[in-house]
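Any read-out appearing in this document is the output of simple, stated calculations on the displayed coordinates, not a laboratory observation. If you're wondering where the values come from, they're calculated on a predicted model, not measured in any experiment. Methodologically, a virtual Cβ is constructed for each residue, glycine included, from the backbone with ideal geometry; neighbour enumeration extends over all protein chains shown.
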Amino acid sequence: MIYAHGQLSSAESEQILTFLKVVPMMFKNCMPLALIVLLLTSCSSVNNLFDSKSSAISNTAANAVQRNTMIGYTNFTESTNWTFKQAVSVSSNAVDAPREVTIGSHSMPTKLMEITTAALESFIPMQFKYAIMMNETVEKITNVSLYKVIDQWFGTRYRYGGTTHHGIDCSAFMQVIGQCVFGWILPRTAHEQYAVMNRVDRSDIQEGDFVFFHTRGRGVSHVGMCLQNNKFIHSCTSKGVMISDLDDSYWDSKIVAFKRMKEEPLFTN
């Protein structure tokens, strides 16, 4: 073995060889220690991350306490076709409840709702369901009997001349609601129903008023019942019993009149 200034002795060569054998073993023995140090350093970073997250959550919770607010989550299931979730922020005075509704794979936006916590407990899932469908505040869904009948028939297919859950037309559906909810025995056809009611201005319509349309020619050929937030329920040829909007361009262009049952209707039980 050659050194920079001459030849090494056998003893020096032996020492160098021994040193070269020891060095790899030193690195090998130090590797676990290095990994432990690195791991501890990483854990420290992770802990700092969680500490910052925890601090943010604590601050949010503190703000919630300062607002005297409790955050909760409520699920309502009306049927296999209807599941909706309500993210509830409950304070001592009101509830601000942005909600999401899913019908199959479709989602519908809703209004924010402000009601007292005591009132919230008095509502049933069906009231929330139709409030969401009509983008209306739940406290306005007060005629539970009406919405129970609507719920029983909702989605029933249209059938001209039909009067059952196998198929029903628009005027027969009005007969069902009139009798089951209001105790009215209405005439059979939309034209006949139109004849026994009093006209009301569009600005004065109320839930339970009737809306008549001309979908074929110029005469009355279709009827529905007004609900909340400019919506109406009817049996439509394309989708059966459903809720539509009076401001929809098609329906708005077909309106003949809004009418209300007389105080002493011609047909009653």
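Rounded to the nearest 5, what is the percent of antiparallel bridges among the DSSP beta bridges in the range 142-269?
In the range 142-269, approximately 95 percent of DSSP beta bridges are antiparallel ones.
First check a/c for the range 124-269, with a ≥ b ≥ c the square roots of the eigenvalues of its C-alpha gyration tensor; if it is under 1.5, answer rounded, and if not, answer prolate when a/b is larger than b/c or oblate otherwise.
rounded
State whether the range 139-192 is rounded, prolate or oblate according to the following rule on the C-alpha gyration tensor (a ≥ b ≥ c being the square roots of its eigenvalues): a/c under 1.5 gives rounded; otherwise a/b larger than b/c gives prolate, and the remaining case gives oblate.
oblate
Give me the number: length gained by fully extending His191 to Ser249, i.e. 0.36 nm times residue separation minus the C-alpha to C-alpha distance, one decimal in nm.
18.6 nm
Work through the residues other than Gly240 whose Cβ is under 13 Å from its Cβ and net out their charges, Lys, Arg +1 and Asp, Glu -1.
Residues near Gly240 contribute +2 overall.
Non-local amide H neighbours of Gly240 (under 5 Å, H modeled in plane, Pro and chain starts lacking H): which ones?
Tyr158
Would you tally the net charge around Gln193, using a Cβ to Cβ cut-off of less than 14 Å, leaving Gln193 out, and scoring K and R as +1, D and E as -1?
+2
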